[in-house]
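Below is one structure; the comments refer to it alone.
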Amino acid sequence: MRRLWSSATAGRGAARNEGDHSLRRALALAFLAPLALALVLAGCSQPGADVSGGEVLSDAQATQGGASTSPSTTLVADFRNTDLGCGWEPVGSMGLRYARCFTVDYYEGGYALACMADGNRYLMVPAGGAVPDGLAPDVQVIQTPVSDVYLAASDSLCLFDALDALSGITVSGIERDDWYLEAARVAMDEGAMVFGGKYRAPDYELLVSRGVRLAVESTMVNHVPEVREKLMELGIPVLVELSSYEDEPLGRAEWVRLYGVLCDKDAQAQAVFDEQVDKVGSLEEEDTGKTVAFFYLNASGAAVVRRPGDYVTKMIAQAGGTYAFGDVGQARAGSSSVTMEMEKFYATAKDADVIIYNATIDDDVRTLAELVQKNEVLADFAAVRSGDVWITDRNMYQQMISAGDIIADIGRVLRGATQDQTYLRRLT
């Protein structure tokens, strides 16, 4: 697993003490490699690629970075820009272990600047702090700790929840029944969170009446630039969630540290992230010798597998397994998935030791018999005969904070677990 330095800084105070030297060294390692000299951030997406998921998605799935991202989002290699336009100089920076799509720099007085790989910049202004005179016009201002949030990026909810900051989300861009996380459903049932329109058509009047101070959007908002412009015209800064562009699974989880700055819970965010790193532990250092077939069957009965090298396949490798479809070739431009002809799928996966069925897209399977009914050739698969067939929890894509837990689940399965895991259930 790639690591730029041995441990993450513990909270804002430690990060400030790092100074700029560590950040310059990290940037040299992360971005001055040959691939990083390209115009598009190679660590987050393929150069020049459409990074959409390649699947037919519901509105709820469309707002999940794990399922799909927006082809209109351009990622740039050298996106860190600490020039605020007002003469301020950073006094420290956040040392990131896995995340490559954001940076955080700290300034005197508790101010922090987040730079995103899509070129957006956000100045976090602490409670009681004033916006500096002469601030560069491209810098959006976010008052912290954040509250009265309009959340239209479903996979960000788990980050707020992990920081005990769910109460800060008062308006949802996802309808109640499209939330897989129970905490969100409860909040909407109790009226603490109300539906304020989908990302493409928010209820502006409601957002204003509820005093919304920040909109957290998925990259799908880039398909409707007029929405973003209107929100900013109303004085609502728009933070576009880019965690789904992270190359490493734990890079997605590390976004909790950015949300820790937003919620003024840096130390708690560091502890949450460290716990996920610890879950993986030494799993990746042990090759179990087992092969894993991760897929779902679409409406036509064809097998849809993950693109080799994407974050799901990396989780399998970090858990100690080998992805069965590692040589299927590249997906169509920007897609995270590959649709295989059944003949090739059968030849490639029939001897796999473990099957993990992707229920985040197809959740109609309840038993092993129902899976086989989708395509009878599965009855001949080694994993089906041995009973080593598992199905993902439907909410896995809304739990990017739990990357370590998911990797640990896969690791236990590869090592002979017979009981249900947190995000995997055995099909019988």
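The values are calculated or read from the model by the stated rules, or taken from the named source; none is laboratory data. This is a predicted model, so every value here is computed, not measured. Methodologically, a virtual Cβ is constructed for each residue, glycine included, from the backbone with ideal geometry; neighbour enumeration extends over all protein chains shown.
Here are some notes:
- Entirely in the stretch 308-382, the strands (runs of 3 or more DSSP E) that have 2 or more residues that are farther than 26 Å from Gly404 by Cβ: 337-340
- In the stretch 226-257, the residue that is farthest from Arg121 (Cα to Cα) out of those that are outside any helix (DSSP H, G or I) and of a type in the set (D, E, K, R) is Glu248.
- So Glu246, is it within 27 Å of Arg200 (Cα to Cα) and touching a helix residue (DSSP H, G or I) at 6+ places or on another chain (Cβ under 9 Å): yes
- Looking at Asp362, Asp327, Asp393, Asp420, just one residue is among the charged types (D, E, K, R), at pLDDT below 95 and within 30 Å of Gly260 (Cα to Cα), and that residue is Asp393.
- Test: residue in the stretch 277-293 that is small (Gly, Ala, Ser) and not in a loop (DSSP other than H, G, I, E, B): yes
- Single residue of the stretch 396-428 satisfying the filter (among the hydroxyl-bearing types (Ser, Thr, Tyr) and either assigned by TED's automatic domain parsing to the domain that holds Ala153 or not in a helix (DSSP H, G or I) (or both)) that is nearest to the chain's Cα centre (by Cα): Tyr423
- Of the residues making up the stretch 115-126, just one is part of a loop (DSSP other than H, G, I, E, B) and either acidic (Asp, Glu) or without any contact (Cβ under 8 Å) to a residue 24 or more places away in the chain (or both), namely Asp118.
- A search for C-beta distances below 9 Å between a residue of the stretch 177-196 that is more than 24 Å from Val208 (Cβ to Cβ) and any residue that is among the acidic types (Asp, Glu) and assigned to a loop (DSSP other than H, G, I, E, B), counting only pairs 6+ apart in sequence or on different chains, returns Tyr180/Asp393.
- Odd one out for Pro249, checked against (1) surrounded by 23 or more Cβ atoms within 10 Å (Cβ to Cβ); (2) farther than 18 Å from Ser336 by Cα: (2)
- Taken together, Leu135, Leu163 contain a single residue that is under 19 Å from the mean Cα position of the chain (by Cα) and in contact (Cβ under 8 Å) with a residue 40 or more places away in the chain, which is Leu163.
- Candidates Ala187, Ala201: the one that is part of a helix (DSSP H, G or I) and of a type outside the set (D, E, K, R) is Ala187.
- Conditions (1) in a helix (DSSP H, G or I); (2) surrounded by fewer than 24 Cβ atoms within 10 Å (Cβ to Cβ); (3) not assigned by TED's automatic domain parsing to the domain that holds Ala417: number failed by Gly260: (2)
- Looking only at residues in the stretch 193-235 that are more than 23 Å from the chain's Cα centre (by Cα) and of a type in the set (Val, Ile, Thr), the one that is surrounded by the fewest Cβ atoms within 10 Å (Cβ to Cβ) is Val208.
- All told, Tyr150 meets the bar of being within 30 Å of Glu205 (Cα to Cα), at pLDDT 95 or above and either of a type in the set (Phe, Trp, Tyr) or not in a strand (DSSP E or B) (or both).
- Residues in the stretch 273-291 that are closer than 17 Å to Gly95 by Cβ and crowded, with 22+ Cβ neighbours inside 10 Å: Phe273, Gln276.
- Of all residues in the stretch 282-310, exactly one satisfies the criterion of being closer than 30 Å to Asp164 by Cα and either more than 24 Å from the chain's Cα centre (by Cα) or free of Cβ contacts under 8 Å to residues at least 24 places away in the same chain (or both), namely Ser282.
- Residue pairs whose Cβ atoms lie under 9 Å apart, sitting 6 or more positions apart in sequence or on different chains, and linking a residue in the stretch 97-110 that is assigned by TED's automatic domain parsing to the domain that holds Ala130 and touching a residue at least 60 places away in the same chain (Cβ under 8 Å) to a partner that is assigned to a strand (DSSP E or B) and among the basic types (Lys, Arg), do not occur here.
- Residues in the stretch 198-231 that are of a type in the set (Gly, Ala, Ser) and touching a Gly at 6+ places or on another chain (Cβ under 7 Å): Ser218 only.
- Considering residues of the stretch 70-118 that are more than 25 Å from Gln270 (Cα to Cα) and in contact with a Ser or Thr (Cβ under 8 Å, 6 or more places away or on another chain) only, the residue surrounded by the most Cβ atoms within 10 Å (Cβ to Cβ): Thr73
- Residue count for the stretch 100-136, restricted to those that are on the phi > 0 side of the Ramachandran plot and polar (S, T, N, Q): 0
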